[in-house]
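Colleague: Below you will find the structure I want to go over with you.
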Number of protein chains: 2
Amino acid sequence: MTIRTANDVTGAVLAVMAQTPDPRLREIMDSLIRHLHGFVREVRLTEPEFREATALLNRMGQLTTDTHNEFVLMAGSLGVSALVCLQNNTDAETDTTSQNLLGPFWRMHSPRVENGGSLLRSPTPGDAMFVGIRVVDGQGRPVPGAEVDIWHCTPQGLYENQDETQADFNLRGKFTTDGDGRIAFSSVKPAGYPIPMDTVVGRMLAAQNRHPYRPAHIHALVFKDGYKTLITQIYADDDPRLETDVQFGVTETLIGRFQRHEGAHPDHPGDAGPWYSLDHTLVMTPGQAVLPRPPIK
Amino acid sequence: MTIRTANDVTGAVLAVMAQTPDPRLREIMDSLIRHLHGFVREVRLTEPEFREATALLNRMGQLTTDTHNEFVLMAGSLGVSALVCLQNNTDAETDTTSQNLLGPFWRMHSPRVENGGSLLRSPTPGDAMFVGIRVVDGQGRPVPGAEVDIWHCTPQGLYENQDETQADFNLRGKFTTDGDGRIAFSSVKPAGYPIPMDTVVGRMLAAQNRHPYRPAHIHALVFKDGYKTLITQIYADDDPRLETDVQFGVTETLIGRFQRHEGAHPDHPGDAGPWYSLDHTLVMTPGQAVLPRPPIK
């Protein structure tokens, strides 16, 4: 059709989208056009704003490297990653999920640790943390023999691959759940940390008066045949930014109840304390066990 | 607020957007979130589709160079550029506009040509074309003394800066309207041409069974103090792809009525013909005269 006025454009584009042979791509493109054009119309996007928008989108792709994914960071900062995670994983019975974002710091081939072992591979100052995690199914039955990959940052907010002072794979380890579905380890309590601010996302956060912090958390990736691979984070309930996570990643189910203990831990009489303990439950659902690929650029 | 289920995410994000101090940015972000989340919810975007989408967006930015703008090409291919142009330029009285897309091939400092002169700066095979353009205001009164920058491609679909066989600035020229608002020039009739297909846009077009062609057109940029700078294209009415422009750029107002004449033009008895003539009217509206910047990357 020939376009006469602005009112004709969306109909003309939708008519073209309707010719897409693949039904899923057709569905996606139809919805994308209606929402994208709806946005452009609703805000009456100006020509200078359109030029600025395309320049920012190009810049975002150009900021992406092997170690930084600007579009994933933006998707998190606009709540899209959280929405995609939740709408694909919510358990119908409980209306909740143990699933959460993978994040950019997962590494393959984390070293094996025995249950009860430590994640410290080089001296790492900080408050000691003793963690017990129980993996269960939707009926609360233990999931034994599951592989649980754990990783987190230091009390300074740095993962080992961001920090030359830490040994390779410090604060990372791979466990196997026992007959009761449990793993246990000791480490130091992680802190929240800011996402990179020298980015388009950083400019947006500054313009919105938003802080760039993620609340403190422990990552877990749980793998067992017959279950959907569980990618999750356990958030520290004493973090002051728990309700303002820049990535909208915190859900109620994922808040870990850290108990603070004053003084030295009985097994570590040399430490002044305080120390923390955490007992947390993760729920797996039946499904296909797939290991994540390293992040796509 | 702490998020419990997928239903909570959009409200939590909108509450953050509402704190944006700048009112225009606040309006844009609010609308963007509602439409972006609305799209993600409506199609129930899956986790693999989300990863693929962010990878494609990153790739688009990385394809953008000094001479190629992938996000602008995509915006055109989804009708967004046409929508932005039309909603910012439609004249209330006529419900139409002479404005159209600038495109990526405009160059500053096009050489001056006298009215009636030729755009050929090196031998350029093709059917001769004699063009008269009249520039008027909304009341049909001539706009004299306006600067009119003209550029177009060869019958092979190549602009001079894409084609080593053409002289610098071939098929480009800058004119000044006479007392009756007119300019005139001769050239060779341009052809339609495909947009670059080794791109993300190209993959999308292939998946949608869409041809990559723009219909044949002549670009014009008209500048005069007191008028909104007129950026436009005049489309050849005999192009078979007039109603399927891959960039959704053709509006009824912008279709040029080319007349075909068999045999030699009286002034060029050596040519076998045919030759073409075109008389076209462009309408300027009062406003601020600004020259476009070179395309933003």
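Colleague: What residue among B:Asp178, B:Asp163, B:Asp198 shows peak mean-square fluctuation when chain B is described by a Gaussian network model with Cα springs under 10 Å?
Modeller: Taking springs between Cα atoms under 10 Å, the residue moving most is B:Asp198.
Colleague: Under the Karplus relation 6.51 cos²θ - 1.76 cosθ + 1.60, θ = phi - 60°, what is the ordered set of whole-Hz ³J(HN,Hα) values for the stretch A:208-225, x standing for Gly and Pro?
Modeller: 9, 6, 9, 6, x, 8, 9, x, 4, 7, 10, 8, 9, 10, 10, 10, 7, 3
Colleague: If you don't mind, there's one more thing I want to ask. Using a simple spin-label model with points 7 Å from Cα along the Cα→Cβ vector, what separation in nm is obtained for A:Thr46 and B:Ser277?
Modeller: Label-label distance for A:Thr46 and B:Ser277, simple model: 4.4 nm.
Colleague: Enumerate the amide H contacts of B:Asp127 below 5 Å, restricted to partners 5 or more residues apart or on another chain; note that Pro and chain-start residues carry no placed amide H.
Modeller: Sorted by chain and number, the residues that satisfy this are B:Lys189.
Colleague: Report, for B:Met197, each distance to the same residue's label point in the other copies, shortest first and in nm; define the point 7 Å along Cα→Cβ.
Modeller: 4.8
Colleague: Need one word for the stretch B:1-45: rounded, prolate or oblate. Basis is the Cα gyration tensor (sqrt eigenvalues a ≥ b ≥ c); a/c below 1.5 gives rounded, then a/b vs b/c decides.
Modeller: oblate
Colleague: Which chain A residue comes nearest the axis with its C-beta when you rotate A onto B, and by how many angstrom?
Modeller: Residue plus distance in Å, as requested: A:Gly61, 1.
Colleague: Hey, for A:Gln288 with labels 7 Å out along Cα-Cβ, what do the inter-copy distances come to in nm, ordered shortest first?
Modeller: Shortest to longest, the spacings are 5.5 nm.
Colleague: Ok, one more. Residues of B:17-30, mean number of Cβ from any other protein chain within 10 Å of their own Cβ, rounded to a whole number?
Modeller: 3
Colleague: Could you work out the mean count of beta carbons from other protein chains within 10 Å of each residue's beta carbon in B:85-97?
Modeller: Averaged over the peptide's residues, the number is 3.
Colleague: I've got another one for you. Go through the stretch B:180-190 residue by residue and turn each phi into a ³J(HN,Hα) via Karplus (6.51, -1.76, 1.60, θ = phi - 60°); whole Hz please, and just put x for glycine and proline.
Modeller: Calculated HN-Hα couplings, in order: 9, x, 9, 10, 8, 7, 10, 6, 10, 5, x Hz.
Colleague: Another question, then. What is the sum of charges, Lys and Arg at +1 and Asp and Glu at -1, for the other residues whose Cβ falls under 14 Å from the Cβ of B:Arg24?
Modeller: Neighbourhood net charge equals -4.
Colleague: Between B:Asp225 and B:Ala18, how high is the FRET efficiency from 1/(1 + (r/R0)^6) when r is the Cβ-Cβ distance and R₀ = 51 Å? Nearest 0.05.
Modeller: So, using R0 = 51 Å, E works out to roughly 0.75.
Colleague: On a 0 to 90° scale, report how tilted helix B:80-89 is relative to the longest principal axis of chain B, with both axes built from alpha carbons and the result rounded to the nearest 10.
Modeller: Result, in degrees: 70.
Colleague: Quick one: which of A:170-177, A:152-159 comes out on top by average Cβ neighbours within 10 Å, and what's the full order, highest first?
Modeller: Final packing ranking: A:170-177, A:152-159.
Colleague: Taking H as built 1.01 Å from N, whose amide H comes closer than 5 Å to the amide H of B:Ala146, not counting residues under 5 places away?
Modeller: For B:Ala146, whose amide H was placed from the backbone, the distant partners under 5 Å are B:Thr177.
Colleague: What number comes out for the charge environment of B:Leu63, summing +1 per Lys or Arg and -1 per Asp or Glu over other residues with Cβ under 10 Å away?
Modeller: Result for the neighbourhood of B:Leu63: -1.
Colleague: Taking only Cα atoms, what is the 0 to 90° angle, nearest 10, from helix B:47-63's long axis to the longest principal axis of chain B?
Modeller: 40 degrees
Colleague: OK, next. Once you place label points 7 Å from the Cα toward the Cβ at B:Gln62 and B:Thr94, how far apart are they in nm?
Modeller: In this crude label model, B:Gln62 to B:Thr94 measures out at 4.6 nm.
Colleague: Once you have a ≥ b ≥ c as the square roots of the Cα gyration tensor eigenvalues for the protein assembly as shown, tell me rounded if a/c is under 1.5, and otherwise prolate or oblate according to whether a/b is larger than b/c.
Modeller: Here the protein assembly as shown falls in the prolate category.
Colleague: Hey, another quick one. Can you give the net charge of the other residues whose Cβ lies under 15 Å from the Cβ of B:Val136, counting K and R as +1 and D and E as -1?
Modeller: -1
Colleague: So, one more: Compare the peptides A:226-234, A:105-113 by average per-residue count of other Cβ atoms within 10 angstrom and give them in order, highest first.
Modeller: A:226-234, A:105-113
Colleague: Here's another thing I want to ask about it. Could you work out, residue by residue across A:235-245, how many beta carbons of other chains sit within 10 Å of that residue's beta carbon, and then give the average as an integer?
Modeller: 1
Colleague: Then there is this: Placing the label point 7 Å from Cα along the Cα-to-Cβ direction, what are the distances from B:Pro123 to the equivalent spots in the other copies, shortest first, in nm to one decimal?
Modeller: Going from nearest to farthest copy, the values are 8.3 nm.
Colleague: Check B:Thr46: other-chain or 5+ apart residues with amide H under 5 Å from its amide H, H built from backbone geometry?
Modeller: Amide H neighbours of B:Thr46, under 5 Å, 5+ apart: none.
Colleague: Also: On a 0 to 90 degree scale, rounded to 10, what angle separates helix B:23-42 from the longest Cα axis of chain B?
Modeller: 80 degrees
Colleague: Please list B:131-137, B:255-261 highest first by mean number of surrounding beta-carbon atoms within 10 Å per residue.
Modeller: Highest-to-lowest ranking by the protection proxy: B:131-137, B:255-261.
Read-outs: derived from the displayed coordinates by stated rules, not from any lab. None of these values were measured; they are calculated from a predicted model. Using ideal geometry, Cβ is built from the backbone for each residue, glycine included, and neighbour counts are taken over all protein chains shown.
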